[in-house]
Amino acid sequence: MTAIELAVAAPAPKRLQWMTATVREVIEETSRVRSLVIDVPGWSGHRAGQHVDVRLTGEDGYQAQRSYSIASAPETPDLVITVERIIEGEVSPYLAGEVRPGDRFELRGPIGGYFVWTVPLDGHLFLVAGGSGIAPLMAMLRHRAAANSDTPATLLYSSRTAEDIIYRAELERLDWQVGTKVVHTLTRMQPAGWSGFSRRIDRAMLEATCFPVVVRPRIFVCGPTPLVEVAARALRDIGHSQNLIKTERFGPTGGSYG
Amino acid sequence: MDDGKNRAMPLDGNAEGGLLRELFAPEMTAAEITCDGCGAVAAVGAINVYGTAMGAVFRCALCDTVVLRLTHTPAGLFLDMRGARRLFVASSEL
């Protein structure tokens, strides 16, 4: 192969450009959370854990921009973002409220090379999510399932109530798959006969659910800032290497950037 | 003094990956940055970032030194890296 052919096979990265996204489908996940299936002509594909920036422009030219994790697996043609409605947010009330199929907005991505997991990384996978922080971790679980990976994976997922659990039915199906375990904790209200945890994530809960330190699990934590900081500190205290713990904080309000 | 730190709790550097890509062609959150304050080496995506209306301030997670400051102005984009000793991008990202 000549040098010219090599250059064609591996194009140099380009600076990100804003693209036009069109909403194809709106999926109600919970009363406050929606997933949007979007079409982006020229989309280059993504890796599990990456996000996109969304920019809305008002009639007066005012612009608001937020980041949203990609929830879909790289293997599927659909690009899906999951948005939680933040009451005082600038972008989420539209994306998780008024948006309709056919609507268009500006988007750039995929973004991120740090909070990313791909099947070839192998090893045990331990995921910790709070609220809508599940989105990038769901992309990892979907990617793992689509690639038929037998990497052992455990998800510890904190929600306020059972009704607030995003992707609930899909997580139940995943829990039945060999090598996958889904553990819920409900912090505010639990249904009758609830068998999961009933408190905020703490060290004891992480010790009970995470893989042993000796197997060196890759750990991804995503959610509101307080949850992420408590979980990351406890995991380090348990003995997990800082290098294996990757975090994505959503901010103090528990919303994904509003 | 408002140095961008008082606005809110920090997010992780990955939150501003898009802003970095306005200037850099490669994906920058996986790049390693060496703090000039304490010598700590960390992924850009792992250090603290304080977003502002005009840009973002990146701080060392260990010693809080400002290692990167990106500011949008009507005139253009400013990058201030006085607090960074070195930025390393792996060949796989180039």
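The values are calculated or read from the model by the stated rules, or taken from the named source; none is laboratory data. No experiment lies behind these values; they were computed from the predicted model shown. So basically every Cβ, Gly included, is an ideal-geometry build from the backbone, and we count neighbours across all protein chains shown. Only protein heavy atoms, including side chains, enter the accessible area calculation; ligands, DNA and RNA are left aside. Shrake-Rupley method; radii C 1.70, N 1.55, O 1.52, S 1.80 Å.
Quick notes on this structure:
- Restricting A:Val230, A:Val213, A:Val221 to residues that are among the β-branched types (Val, Ile, Thr), open to solvent by 50 Å² or more (accessible area, probe 1.4 Å), closer than 18 Å to B:Ala61 by Cα and modelled with pLDDT of 95 or more narrows the list to A:Val230.
- Filtered by the rule that a residue be surrounded by fewer than 20 Cβ atoms within 10 Å (Cβ to Cβ), under 17 Å from B:Gly17 (Cβ atoms) and among the hydrophobic types (A, V, I, L, M, F, W, C), segment B:62-80 gives B:Leu77, B:Leu79.
- Residues that are in contact with a strand residue (DSSP E or B) (Cβ under 9 Å, 6 or more places away or on another chain) and farther than 29 Å from A:Asp53 by Cα number at least 2 in the following strands (runs of 3 or more DSSP E) confined to segment A:140-258: A:180-186.
- Selection over segment B:35-46 of residues that are of a type outside the set (Val, Ile, Thr) and assigned to a strand (DSSP E or B) gives a count of 3.
- Whichever residue in segment A:121-144 is touching an Asp or Glu at 6+ places or on another chain (Cβ under 9 Å) and open to solvent by 10 Å² or more (accessible area, probe 1.4 Å) and, among such residues, is nearest to A:Leu235 (Cα to Cα): A:Gly131
- Looking across A:Cys210, A:Cys222, one residue alone is touching a residue at least 40 places away in the same chain (Cβ under 8 Å) and either of a type in the set (D, E, K, R) or within 14 Å of chain B (Cβ to nearest Cβ) (or both). It is A:Cys222.
- Residue count for segment B:47-59 under the criterion of being outside any strand (DSSP E or B), open to solvent by 10 Å² or more (accessible area, probe 1.4 Å) and in contact (Cβ under 8 Å) with a residue 12 or more places away in the chain: the result is 1.
- Scanning segment A:38-55 for residues that are assigned to a strand (DSSP E or B) and either open to solvent by 30 Å² or more (accessible area, probe 1.4 Å) or more than 18 Å from A:Val91 (Cβ to Cβ) (or both) turns up A:Asp39, A:Arg55.
- Criterion violated by B:Arg86 - all others in (1) within 27 Å of A:Val221 (Cα to Cα); (2) surrounded by fewer than 17 Cβ atoms within 10 Å (Cβ to Cβ) satisfied: (1)
Residue-by-condition table, conditions (1) within 22 Å of A:Val228 (Cα to Cα); (2) hydroxyl-bearing (Ser, Thr, Tyr); (3) at pLDDT 95 or above; (4) in the same structural domain as A:Ala231 (by TED's automatic domain parsing):
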position: A:Met140; (1), (2), (3), (4): yes, no, yes, yes
position: A:Asn148; (1), (2), (3), (4): no, no, no, yes
position: A:Thr161; (1), (2), (3), (4): yes, yes, yes, yes
position: A:Gly179; (1), (2), (3), (4): no, no, no, yes
position: A:Ser198; (1), (2), (3), (4): yes, yes, yes, yes
position: A:Ile201; (1), (2), (3), (4): yes, no, yes, yes
position: A:Leu206; (1), (2), (3), (4): yes, no, yes, yes
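- The condition (being without any contact (Cβ under 8 Å) to a residue 12 or more places away in the chain and within 24 Å of A:Val80 (Cα to Cα)) is satisfied by just one residue among A:Asp175, A:Asp164: A:Asp175.
- Any hit, segment B:63-85, residues being within 14 Å of chain A (Cβ to nearest Cβ), over 22 Å from A:Arg15 (Cβ atoms) and not in a helix (DSSP H, G or I): no
- Hey, B:Thr29 in contact with a strand residue (DSSP E or B) (Cβ under 8 Å, 6 or more places away or on another chain) and more than 19 Å from A:Ile111 (Cβ to Cβ) or not: no
- Among the residues of segment A:108-120, at least one is open to solvent by 10 Å² or more (accessible area, probe 1.4 Å) and away from chain B (no Cβ under 14 Å).
- Within segment A:58-76, being in a strand (DSSP E or B) and under 18 Å from the mean Cα position of the chain (by Cα) holds for A:Arg66, A:Ser67, A:Tyr68, A:Ser69, A:Ile70.
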